[in-house]
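Notes follow the structure.
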Amino acid sequence: MRQHNLSRVLHTLAAEGPLSRATVAARIGLTRAAVSTLVDELLRGRLLVEEGPGRSGAVGRPGSQLRLTDRGPCGFGAEIGVDHLAVCAADLRGEIRVRVEKEFRAQHREPAEVLAEVRALADRARAQAARVGLRPAGLAVAVPGLVLRESATVLRAPNLGWRDVELAGLLPDDLGEVTVHNEASLGGLAELWSRTEPAADSFVYVSAQIGIGASVVVDGQLLGGAHGFGGELGHVPVRPEGPVCGCGGRGCLETYAGEEAVLRAAGIEPGPGVRLGALTARCEAGEAGALRAVRRA
């Protein structure tokens, strides 16, 4: 119960802070004395910072304001893309404090080679994070493929050419607890958690790059499906007679609306450094072939 209430205090301050002890108590329905005890513990743990009195507009002496620290523990995130890798560090407030990335063609490379590059980026990110007073408390890895529920096993990532790959032994083991998940699922959760304006708690998040992924959030919860693959969109066949896809099927959505498919349809041969900027320029110039390719996608 104590851990649960500590979490409630942190979540409240993350969402609404800075706040006084009295305001936090009112938000979570505990007494001020109970909240003060919890806050004192979080202050000792250096998870909170106490600032000067705020302007409450109420009668009496305003209470000191509490906010989450911008130093100390942080979350690391790594993204394995088909043509890029990235690692970032986010503080307790959810702000991205460090980001390092590089162009890297991961497609059809051995997982160990790819993860060695991720580890090198993570080392760079950790050094930068240390310079601003942050230390890693966990690592989440986003993969463009199907990940077995609550594991680090990539069952299939067609755009990488991976099948039944166990990542646990290949990932950095000195960044805290490691989580591996489908990139679109993590993207949907990020969209849910990072909103600053009120919005519906039920939506479909679509990630459209070289591959196409999606996640479904219902009433604020990620809809995983029976096997954790809910929302998988890119390999839904839209034209069964269509071209062969990297997954082995025919006419999948990615073969028509994936980034490389759209570039080729517009007369642009994909390659290193050739991204959507070239397509955008042609569309802005009114080139018929480029506009037709985008409309079709």
**Meets criteria (under 28 Å from CYS245 (Cα atoms), open to solvent by 10 Å² or more (accessible area, probe 1.4 Å) and either assigned by the TED database to the domain that holds LEU47 or not in a strand (DSSP E or B) (or both)) for ARG126** = no
Expected single match for outside the structural domain of ALA152 (by the TED database) and in contact with a Lys or Arg (Cβ under 6 Å, 6 or more places away or on another chain) among GLY225, GLY242, GLY246, GLY220 is GLY242
Taking first residues from region 261-275 that are of a type in the set (Lys, Arg) and second residues anywhere that are at pLDDT below 85, the pairs with Cβ under 8 Å that are 6 or more apart or on different chains are ARG264/PRO270
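For region 208-225, give me the residue count where each residue is closer than 22 Å to GLU150 by Cα and open to solvent by less than 70 Å² (accessible area, probe 1.4 Å).
10
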How many residues of region 20-51 are basic (Lys, Arg), in contact (Cβ under 8 Å) with a residue 12 or more places away in the chain and exposed (fewer than 15 other Cβ atoms within 10 Å of the Cβ)? The answer is 1
Kindly evaluate VAL204 against the criterion of being at pLDDT 90 or above and open to solvent by 60 Å² or more (accessible area, probe 1.4 Å).
yes
By residue number, the members of region 259-294 that are within 19 Å of GLY213 (Cα to Cα) and either touching a Leu at 6+ places or on another chain (Cβ under 9 Å) or open to solvent by 60 Å² or more (accessible area, probe 1.4 Å) (or both) are GLU259, VAL262, LEU263, ARG275, LEU276, VAL294
If you go through ALA184, ALA214, ALA190, the only one that is under 21 Å from HIS84 (Cα atoms) and not in a helix (DSSP H, G or I) is ALA214
Every listed condition ((1) under 21 Å from ALA14 (Cβ atoms); (2) modelled with pLDDT under 85; (3) in contact with a Lys or Arg (Cβ under 9 Å, 6 or more places away or on another chain)) holds for TRP193 save (3)
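Yes or no: ALA140 assigned to a strand (DSSP E or B) and in contact with a Ser or Thr (Cβ under 6 Å, 6 or more places away or on another chain)?
So ALA140 passes the test.
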- Task: Check region 84-103 and report whether any residue there is touching a residue at least 60 places away in the same chain (Cβ under 8 Å), hydrophobic (A, V, I, L, M, F, W, C) and in the same structural domain as VAL118 (by the TED database).
- Result: yes
ask   = Do we have any residue at all in region 226-239 that's within 24 Å of the chain's Cα centre (by Cα), of a type in the set (Asp, Glu) and crowded, with 16+ Cβ neighbours inside 10 Å?
value = yes
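The values are calculated or read from the model by the stated rules, or taken from the named source; none is laboratory data. This one's a predicted model, so the numbers in the text were calculated from it and none came from an experiment. Neighbour counts are summed over all protein chains in view; Cβ atoms, including those assigned to glycine, are modelled from backbone coordinates with ideal geometry. Just the protein is used for accessible areas: all its heavy atoms, side chains included, with ligands, DNA and RNA removed. Shrake-Rupley method; radii C 1.70, N 1.55, O 1.52, S 1.80 Å.
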